[in-house]
Amino acid sequence: MLHLRILSPSLLTQDVLGCLVDSPAVSGIAVTREASVEPVGDLVVADVAREGANEIIDHLRTLGVHHEGSIHIEPVRTWLSRAGFDAEQCTPGSSADAVVWADVAQRSYEETELNWTYISFMSMATLLAAIAIVIDSQILVIGAMVLGPEFGAIAALGVALVRGRFTLLARATRTLVVGFAVSIAFTTAMALLARAVGWVSVDNVTGPRPGTDFIYSPDKWSFIVAVIAAAAGVLSITSAKMGGLSGVFISVTTVPAAGNVALGLTFGIGHEIWGSTLQLVVNIAGMAVAGWATLAIQQSVWARFSARRAAAVNRFRKR
């Protein structure tokens, strides 16, 4: 169940109420007249079954509510309502599977913002990965994978392609390129410093590394793992279940590959640079393709459910 909080200009309130009343996915509506100061208008709140939220939000956007006022979408974690239960039963689909595209798009824009926090996390994750490679520690590699914030931007590539948001596509691409470039440059600078004081030698990079040699040795499994992990990650982001994200973070070797590129640059080791760069490209490409495919399938499936909901609305109106 979702809770909609709408600040509606007075001239649009009746249309907003008409949209909500006509939908069987809505279980409760309340209006407070002249409660909004900016914009001047009314406060409308409604409880909506998650499965039917997209049609209502799209209708409200068509009315221009988001231009003159605002639409807030909040998940309801716990609710007791017979009307809410009936609304969910009348709305085809499962709430856990439902994709609320407005929420997905909003989170995609947030995850692709190129800011100090994103660059800091990328730099620290890449540096941690480089240390893991030097001491051949799988535990630290996993820590670097979890710390890296790049998956949000990679998932946003798929959102941008499926929803036709090319501004988001450019923004996500820029964030990924700049993020990896800065983090590799920072890690290379730290590695050069460590080399100068004798903490790291070329043997640490070229010697036997049974725990971390997979980082610069891409193969077919690298692509397959990236595809599976990205599909699971996108499902976690778009559905009501977020538990799968931690598994995604520790399945792909984007950040560790960036760390190994930095070490290769530090000591001028061409095969380390090339192998790790290829690993990085393979992982990003696999995740981007899988994210796009997963979202495209979800959009297709929910388009069919939308048609069924439209039929249900027509039956509801004829009662």
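The values are calculated or read from the model by the stated rules, or taken from the named source; none is laboratory data. Keep in mind the model is a prediction, meaning the values are calculated, not measured. No Cβ is skipped: glycine too gets one built from the backbone with ideal geometry, and neighbour counts run over all protein chains shown. Please note that ligands, DNA and RNA were not included when accessible areas were found on the heavy atoms of the full protein model with its side chains. Shrake-Rupley method; radii C 1.70, N 1.55, O 1.52, S 1.80 Å.
Brief remarks follow.
- Check on Arg165, under 19 Å from the mean Cα position of the chain (by Cα), on the phi < 0 side of the Ramachandran plot, surrounded by fewer than 17 Cβ atoms within 10 Å (Cβ to Cβ) and not aromatic (Phe, Trp, Tyr): no
- Qualifying residues in the range 185-202 (those that are part of a helix (DSSP H, G or I) and among the polar types (S, T, N, Q)) - the one farthest from the chain's Cα centre (by Cα): Thr188
- Total residues in the range 4-54, condition basic (Lys, Arg) and surrounded by 18 or more Cβ atoms within 10 Å (Cβ to Cβ): 1
- Residue match in the range 26-48 (condition: touching a Gly at 6+ places or on another chain (Cβ under 6 Å), in a strand (DSSP E or B) and charged (D, E, K, R)): yes
- Selection of the range 203-221 for residues being under 25 Å from the mean Cα position of the chain (by Cα) and open to solvent by less than 20 Å² (accessible area, probe 1.4 Å) yields only Ile215.
- Considering each residue of the range 178-188 in turn, none proves to be open to solvent by less than 50 Å² (accessible area, probe 1.4 Å) and closer than 19 Å to Val227 by Cα.
- Test: residue in the range 83-106 that is over 27 Å from Gln298 (Cβ atoms), open to solvent by 70 Å² or more (accessible area, probe 1.4 Å) and polar (S, T, N, Q): no
- Selected residue (only one of Leu147, Leu127 is surrounded by 17 or more Cβ atoms within 10 Å (Cβ to Cβ), modelled with pLDDT of 90 or more and either out of contact with any strand residue (DSSP E or B) (no Cβ under 9 Å at 6 or more places or on another chain) or at positive phi (or both)): Leu127
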